[in-house]
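None of the figures in this text is laboratory data; all of them are computed from the coordinates on show. Because the structure is predicted, anything quoted here is derived from the model rather than measured. As a convention, Cβ positions derive from the backbone with ideal geometry for all residues, glycine included, and neighbour counts pool all protein chains shown.
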């Protein structure tokens, strides 16, 4: 038996996720409902009733590293702290020791939110029309304690 039963079906949920991610028009490809349903990526979703209003995707790259990607908030729900909340929940729900994500250098709000949740800039590369900043951090269960004990 499922722990939670949603009043929205998974096809509708996957379709809304794809539409929200694609609405930013910053990907080289468009996600589809099927690619979301069939992929290995996990999604943290913020909803308002039956409407997806924010998401962040978690994709485990190996035993130690998870990439957080596709962070987006519906335009009608911005400036309410949802981006920061999604980053925090994404970090908490990653199953690896380290998490990272990339942010366009012209996305000041996302850069600020990454810094607020303890992500540190660790590199950058040239993207399409701007730099892409790589943010990373070690996951922690409690402040000052890593997922593997008291290592720094």
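Taking a ≥ b ≥ c as the square roots of the eigenvalues of the alpha-carbon gyration tensor, region 52-139 is classed oblate because a/c is 1.5 or more while a/b is no larger than b/c.
On the beta carbon distance between residue 5 and residue 78, with R0 = 25 Å, the FRET formula returns roughly 0.25. In this rough spin-label picture, where each label sits 7 Å from Cα along the Cβ direction, the residue 128-residue 32 distance is 1.9 nm. Dividing the convex hull volume of the alpha-carbon atoms in the chain by its residue count gives 139 Å³ per residue.
Note on residue 120/residue 40: beta-carbon distance plugged into 1/(1 + (r/R0)^6) with R0 of 25 Å gives a FRET efficiency of 0.40. Here the relative contact order of the chain, from alpha carbon pairs under 8 Å that lie six or more residues apart, stands at 15 percent.
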